[in-house]
1. Kindly establish whether ASP300 is in contact (Cβ under 8 Å) with a residue 24 or more places away in the chain and either more than 24 Å from the chain's Cα centre (by Cα) or not in a helix (DSSP H, G or I) (or both).
2. Could you say whether any residue in the range 320-336 is touching a Ser or Thr at 6+ places or on another chain (Cβ under 9 Å), within 30 Å of LEU9 (Cα to Cα) and modelled with pLDDT of 95 or more?
3. Any idea how many residues of the range 299-317 are open to solvent by 20 Å² or more (accessible area, probe 1.4 Å) and closer than 18 Å to LEU341 by Cβ?
4. Go through the range 41-152 and tell me which helices (runs of 4 or more DSSP H), entirely inside it, have 2 or more residues that are charged (D, E, K, R) and open to solvent by 10 Å² or more (accessible area, probe 1.4 Å).
5. Regarding ARG168, is this residue charged (D, E, K, R), over 13 Å from LEU213 (Cα atoms) and out of contact with any helix residue (DSSP H, G or I) (no Cβ under 9 Å at 6 or more places or on another chain)?
6. Quick check: is even one residue across the range 237-244 under 19 Å from the mean Cα position of the chain (by Cα), open to solvent by less than 60 Å² (accessible area, probe 1.4 Å) and not small (Gly, Ala, Ser)?
7. As an exercise: evaluate VAL333 against (1) surrounded by 22 or more Cβ atoms within 10 Å (Cβ to Cβ); (2) of a type in the set (A, V, I, L, M, F, W, C); (3) over 16 Å from the mean Cα position of the chain (by Cα) and give the number of the one condition it does not meet.
8. Can you go through ASP300, ASP305, ASP358 and tell me which one is at positive phi and out of contact with any Leu (no Cβ under 6 Å at 6 or more places or on another chain)?
Amino acid sequence: MKPAVTYELIHECKQTGARRGVVHTPHGDIQTPVFMPVGTQATVKSMTPEELKEMVGAQIILSNTYHLYLRPGNKIVKEAGGLHKFMNWDRPILTDCGGFQVFSLSDLRTISEEGVEFKSHLDGSKHFFTPESVMEIEEDLGADIIMSFDECCPYPSTYEYTKNSMERTTRWAARCKKAHKTVDKQALFGIIQGGFYKDLRKQSAEDLIKLDLPGYAIGGISVGEPKEEFLDILRYTAPLMPKEKPRYLMGVGTPDYLIEAAIAGIDMCDCVLPTRIARNGTAMTWNGKVVVRNATYERDWGPLDPECDCYTCKNYTRAYIRHLIKANEILGVRLLSIHNLRFLTNLMERVKIEIEHDNLATFRDEFYKKYGYIK
């Protein structure tokens, strides 16, 4: 049986080894490398699906198993015809397994070989996730790409704890594969764990690859560690992943991390960052961050970013957006969200071009200098 999701390599950057490709899914093709906006609760905050397509150019979005299981419930989404119909989105969707949320949002949880008992962050009610139940939930939600159930270790964690967690995650992935029924419609990706121990990362990758899943992700980094440690594990782990399948780095959304991920050979990244910092009055621009709520922009009649082609920059000034944010008007958050999402989409479009021209390392250095990053 042909897998629901496949990867096609188009070009490798001679300067860096970065990959330009296409991920083929039941709801359309994804040009990679790609940044994926996060719609945790079946919505990218303050954005309509039409705006995501027309103003942002989003190819794929994420939703979260944990949150949708708790509210409105996966059975309600299934009755609606799945996430695509429920939220009126006809392009690809990826659902996370909820593992990160179980471990980060629930204060009281008990981990066993069978699964995880946890308390809802909404009302304190008790719930139990197993690999099998997570597969049932994700199949009800109906995304094109679904993630196997994993444990995301906190940073830092001891070697012994990380090793036991990683090995359990591998066993859970095998159970997920066995329980996964809709293989012709949904692709199950495995999540490589192992914390910041290279031998554990290597073992995790090797063991998961033996399961022959349609794609693989790197989990458990970008969790508060120093950038040097992030880059070290990213650069070590990415080459361990199969070249003929999609490679996904979870939870990354700053421009520098996105560029470094592409250079490492990653195809897909996601993060809540662009809409989260929008709610705090911050914009990403080609010349660095603009904290538009600051007083310096009170009489600034220019756009957020003169180099940006988004709806916000074409129509509104920094002064007006600052006024909206200071007045707690939702339009300010919406305009900043449109801009930040479009900025990252544009950044990844540029990254694809630079890969095709074998010039990504040069572009990175030029971008860092302009943005204010230190290489």
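The values are calculated or read from the model by the stated rules, or taken from the named source; none is laboratory data. Given the structure is predicted, the values throughout are model-derived calculations rather than measurements. Here the Cβ is made from the backbone with ideal geometry for all residues, glycine too, and neighbour counts use every protein chain on show. Accessible surface areas use protein heavy atoms only, side chains included; no ligands, DNA or RNA. Shrake-Rupley method; radii C 1.70, N 1.55, O 1.52, S 1.80 Å.
1. no
2. no
3. Adding up the residues that qualify gives 7.
4. 74-79, 131-141
5. Spelling it out, ARG168 is indeed charged (D, E, K, R), over 13 Å from LEU213 (Cα atoms) and out of contact with any helix residue (DSSP H, G or I) (no Cβ under 9 Å at 6 or more places or on another chain).
6. Yes, some residue in the range 237-244 is under 19 Å from the mean Cα position of the chain (by Cα), open to solvent by less than 60 Å² (accessible area, probe 1.4 Å) and not small (Gly, Ala, Ser).
7. Evaluating VAL333 over (1) surrounded by 22 or more Cβ atoms within 10 Å (Cβ to Cβ); (2) of a type in the set (A, V, I, L, M, F, W, C); (3) over 16 Å from the mean Cα position of the chain (by Cα) leaves (1) as the failure.
8. ASP358
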